[in-house]
1. On a straight-distance basis, which lysines could pair with LYS120 in a cross-link, Cα separation under 28 angstrom, same-chain partners fewer than 8 positions away excluded?
2. What is the magnitude of the charge dipole of region 84-160 about its Cα centre, with +1 placed on the Cβ of each Lys and Arg, -1 on the Cβ of each Asp and Glu, and no other charges, expressed in debye to the nearest 20?
3. GNM, the chain, Cα, under 10 Å: largest mean-square fluctuation among TRP311, TRP238, TRP129?
4. Between beta-carbons, use under 9 Å as the cut-off and find the net charge around TYR291, counting Lys and Arg +1, Asp and Glu -1.
5. Could you give me D for region 206-268, from Stokes-Einstein at 10 °C and 1.306 mPa s, where the hydrodynamic radius is the Kirkwood radius over C-alpha pairs? Units µm² s⁻¹, please.
6. In degrees, nearest 10, range 0 to 90: what is the angle between the Cα axis of helix 268-281 and the longest Cα principal axis of the chain?
7. In straight Cα distance, which aspartates and glutamates are under 16 Å from LYS240, not counting same-chain residues fewer than 8 positions off?
8. Taking Cα pairs under 8 Å and at least six residues apart, what relative contact order does the chain come out at, in percent?
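Where a number appears in this text, it was derived from the coordinates with a stated rule and is not lab data. This structure is a prediction, so every number in the text was calculated from the model and none was measured. Cβ sites come from the backbone with ideal geometry, for glycine too, and all protein chains shown count toward neighbours.
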Amino acid sequence: MSHAHPENWPVLHVTGALDPGLFKDFSTLAAAAGESDGNPPLSEQTLVTLRGADGGGHALLSLALYAPDEDSDPSTADDLAGIAVVVEAPDGSGVLELAVHPSYRNQGVAGRLLAALREKRGFAGLTAWSHGNHEAAAELAARFGYGPVRELRKMRLMSSTAALPDVVLPPDVSLRAFVPGQDEQAWLAANRAAFAHHPEQGSMTLADVQAREAEDWFDPEGFLLAVNAGGELLGYHWTKVHPRQGAHPAIGEVYVVGVTPEAQGLGLGKALTVAGIRHLQDQDLHAVMLYVDADNEAAVALYQKLGFVRWDTDVLYGPLTKN
């Protein structure tokens with residue numbers, strides 16, 4: 001293992017999608033960090049965007065820090081010590097995610113990446129996610145003048161023992177599975193309406209949806225749509241199954257539940273949530289998880305009534321002082 005300070009280690013700057021080889025290196029490092037920490041360091045959208053143009057119209061800046069060959073640990077893949085990814089928005093803001101390979105931690109890798117990022121891009125308009133909000137991330141954020149601005153709560157339900165209420169749908173409303181190639185535009189319109197003020201979910205594009213449809217985990221049978229007698233889409237519950245990773249067993253996810261403004265107040269959100277969880281239970285998963293904004297009191301209360309408990313927290317950091 002290298003013990004040299006990484007102050008002079010080379011940083012590779014990449015804009016736009018990664019080539020397949022570099023994407024594999026990023027994915028391998030992210031998986032190693034996730035296995036070590038119990039949380040993936042890069043969000044799903046970031047990985048989708050890194051893979052290529054299918055991720056939509058997002059702009060990317062990626063930094064890869066390589067350890068010198070003579071000091072490297074041969075057990076690490078390609079000596080990639082750390083990565084930092086900024087997904088840029090059209091308004092000039094950006095969201096940063098950063099990961100350090102477990103074999104290269106406590107050597108100043110994250111600080112070197114942030115120094116290179118400051119030199120290359122600057123921190124203007126930049127926020128940063130800490131998935132799991134580890135103490136080291138909080139200390140690093142404070143060092144660069146950042147503090148918490150948003151809390152995303154991770155909740156979990158032990159699905160094998162959960163006793164759920166019945167699925168009670170409003171009159172003339174039924175559930176059906178999503179049909180790829182048919183339902184994308186209707187779902188996008190419903191999603192935009194349901195999440196008009198959400199910073200990420202409401203801005204999903206057709207390319208974002210199609211990229212997820214191409215993923216191994218995508219299952220249209222677990223993408224439930226609530227429609228009225230005329231076929232109009234009123235709400236949905238998109239579920240996901242995360243495959244087993246090392247010592248971590250497969251787990252289901254309440255990926256996203258949405259109800260259009262016109263269908264609010266009918267109890268459809270609860271019915272869709274329960275229907276999706278039942279679908280996941282039928283696959284013999286030991287647990288179901290979800291993400292919810294900590295300040296969304298109504299959603300948190302609903303999930304708690306269904307038996308979900310707080311599991312972990314992701315924190316978004318923003319500048320407390322001018323950078």
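1. LYS24, LYS322
2. Numbers: 10 positive and 7 negative charges, 31 e Å.
In debye, rounded to 20, region 84-160 gives about 160.
3. TRP311
4. With Lys, Arg at +1 and Asp, Glu at -1, the neighbours total -1.
5. Details: Rh = 13.5 Å.
Result for D is 118 µm²/s.
6. Once rounded, one gets 70 degrees.
7. GLU44, ASP208, GLU213, GLU215, ASP216, ASP219, GLU221, GLU253, ASP282, ASP284
8. Values: 596 pairs, mean separation 67.0, N = 323.
This gives 21 percent for the chain.
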